[in-house]
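This report concerns only the one structure given below.
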Amino acid sequence: MKIRFLLLACGLALLSACGAGSPADVTESTPERPPVKGGDDRTGEYDAVPGWWKPAPDHVEPWGWGQVSAVAVDTPDRIIVGIWGDRDAENRERDGSTNYLVAVDRDGNLTENWSQWDSTFNKPHQLYISPYDPERHVWLVERGGGKNVNMQILKFSNDGSELVMRLVDPDHPTTRTEARANPNPDPFEYGDPSVMAFLPNGDFLVGDGYWHSRIIKYNAEGEYLMEWGELGSGPGQFDLIHGLAVDRNRRIYVGDRTNNRIQIFSEDGEYIDEWPDVSDPVGVFVDENDAVWVISAVLNRILKYNVDGELQYHLGAYGGTRGGFPGGLSRPHQMDVDQEGNLYIASWDGGWMDKFIPRPDADPARLVGRGLVLEE
């Protein structure tokens, strides 16, 4: 008992000498961000803007937006969106469908409709503005299909008034079986193309895609340079390419969707690495902070990895939310970030676009940065 009291007395004396029990020290140890009760972190460090995505002026029952598949930010006041036209709840397309490529302002108000190109669109898949292009042309991967629209890569002037480049072979395959029966398609004979990425010298990459299993590299003039890939599940093989990005070391990230993995290659197609067990990766976005963000459609999540493939964080809600709350995702398909740090995510299955604004006290490490821009 005497030993116990002696130890207690010594301990109290030590605390008193160090000042560990003083009110000032208690204040200093309080976290900068005090605990918050409740909440479920479904939108991470962002606030979703309720009601931001609005009906088109010509949307009357039963018609509304088709699948919202693509987004490219020009400015915070001009967000360009690709949609599969006008559809009803049964996914039937309206005769004379016209809302394929539109632009909205910062409040989600429709400001442009590129209806002059309606005969060229059927299934707009992904949109891009190369950060290396001072004229900020708008690129579209078109999957083709109905209305005799070809599978093609389209490059428009920034305002949509001019079609500047068109990569297409009108004799492309019309079924996956037909496409996969030909292991050596021509450079412009696409098999349901899906995604793109850009390099500082103007070269660009095309993921081809749903039916074919290759990455094609072109120069700035659209001339064929090289390609790599084949159907399969081994290193350097693909089964449904649906994500493409370039990191600071010019490594190429490929979302190998059906194989549920990310593969990494050199700029010339040399296999480097694989990140396995990444569910349904439909998009890859490398930001200015070297974070690798992967869109998982089946999880309704945006996953953050470092360049070594280690999972750091995620935002979004698991499972099909179907717009049950502002910012709900429903098979997210493409994302982009504007100059103010606002995040835009297209929900393909749900037929809407979400706008997310960083919270004032947001942890910067949990925000998606602007897209990485390489030095030439």
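The values are calculated or read from the model by the stated rules, or taken from the named source; none is laboratory data. This one's a predicted model, so the numbers in the text were calculated from it and none came from an experiment. Note that each Cβ is placed from the backbone with ideal geometry, even for glycine, and that neighbours are counted across all protein chains shown. Surface accessibility is based on the protein's heavy atoms, side chains included, excluding ligands, DNA and RNA. Shrake-Rupley method; radii C 1.70, N 1.55, O 1.52, S 1.80 Å.
Before moving on, here are some points about what is shown:
- Across segment 236-292, Cα-Cα pairs farther apart than 13 Å form 54% of the total.
- Protection proxy ranking, peptides 281-293, 223-235, average beta carbon neighbours within 10 Å, highest first: 281-293, 223-235
- If you plug the beta carbon distance of L163 and D268 into 1/(1 + (r/R0)^6) with R0 = 35 Å, you get a FRET efficiency near 0.70.
- Around the amide H of D203, modelled in the peptide plane, lie the amide H atoms of A220, all under 5 Å away and 5 or more residues distant in sequence or on another chain.
- Scalar couplings 3J(HN,Hα) for segment 166-181, obtained by applying the Karplus form with A = 6.51, B = -1.76, C = 1.60 to θ = phi - 60°, are 9, 9, 6, 10, x, 9, 5, x, 10, 9, 5, 4, 5, 5, 7, 6 Hz; x denotes Gly and Pro.
- Alpha-carbon centroid distance for the pair segment 117-174 / segment 323-366, whole angstrom: 25
- All C-alpha pair distances within segment 149-207, sorted into 10 Å bins from zero, spread as 20, 46, 27, 7 percent across the bins.
- Once backbone amide H atoms are built at 1.01 Å from N, L225 has K217, Y218, N219 as its partners under 5 Å, excluding neighbours fewer than 5 places away on the same chain.
- Pairs of lysine residues in the chain - Cα separation under 20 Å, sequence separation of 8 or more or cross-chain: 5
- Building the convex hull from the alpha-carbon atoms of segment 31-131 and averaging its projection over directions returns 9.7 nm².
- Largest-first ellipsoid semi-axes for segment 198-305, taking √(5λ) over the Cα gyration tensor eigenvalues, angstrom: 21, 17, 12
- Computed over segment 56-192, the P(r) curve from all C-alpha pair distances, binned at 10 Å from the origin, holds 12, 40, 33, 14, 2 percent per bin.
- Cβ-based net charge around I216, under 9 Å, with every Lys or Arg adding one and every Asp or Glu removing one: 0
- Cut-off 16 Å, label 7 Å out along Cα→Cβ of D363, residues of segment 312-350 by amide N: 312-316
- Label-to-label distance, nm, for residues given as N201 and V298 (7 Å Cα→Cβ offset): 3.9
- Expressed in Å, the radius of gyration and Dmax of the Cα atoms of segment 242-376 are 14.4, 44.
- Averaged per residue, segment 83-130 has 40 square angstrom of accessible surface, using a 1.4 angstrom probe with ligands and nucleic acids left out.
- Paramagnetic reach from L374 in segment 130-165 [backbone N under 13 Å; point 7 Å along Cα→Cβ]: 131-132
- Segment M226-T175, length gained on full extension (0.36 nm per residue, minus Cα span): 15.9 nm
- Share of Cα-Cα pairs in the chain lying beyond 34 Å, as whole percent: 31
- Grouping the Cα pair distances of segment 328-376 into 10 Å bins from zero gives a pair-distance distribution of 25, 44, 27, 4 percent in increasing distance order.
- Size descriptor, Kirkwood hydrodynamic radius, that averages inverse alpha-carbon separations across segment 118-169, Å: 11.3
- Computed from backbone phi, the HN-Hα couplings of segment 214-227 come to 8, 10, 10, 10, 10, 8, 4, 8, x, 8, 5, 10, 5, 7 Hz, rounded to whole numbers (Karplus: 6.51 cos²θ - 1.76 cosθ + 1.60, θ = phi - 60°; Gly and Pro given as x).
- Taking all C-alpha pairs of segment 255-329, those more than 20 Å from each other amount to 32 percent.
- The H on the amide N of N260, modeled in the peptide plane, is under 5 Å from the matching H of D280, each at least 5 residues off or on a different chain.
- Other residues within the sphere of radius under 13 Å centred on the Cβ of E230, judged by their own Cβ, net out at -2 (K and R +1, D and E -1).
- Accessible surface of segment 224-294, 1.4 Å probe, proportion on carbon and sulfur as whole %: 41
- Burial order of peptide ranges 260-270, 164-174 (average beta-carbon count within 10 Å, highest first): 260-270, 164-174
- With Cα atoms defining each centre, segment 193-243 and segment 54-116 are spaced 28 Å apart in the structure.
- 4 °C / 1.567 mPa s Stokes-Einstein diffusion coefficient of segment 33-80, Kirkwood radius on C-alpha pairs, µm²/s: 88
- As computed over segment 116-269, the Cα convex hull volume per residue (Å³): 102
- According to the Cα-based calculation, Rg over Rh for segment 169-247 is 0.96, with Rh computed by the Kirkwood formula.
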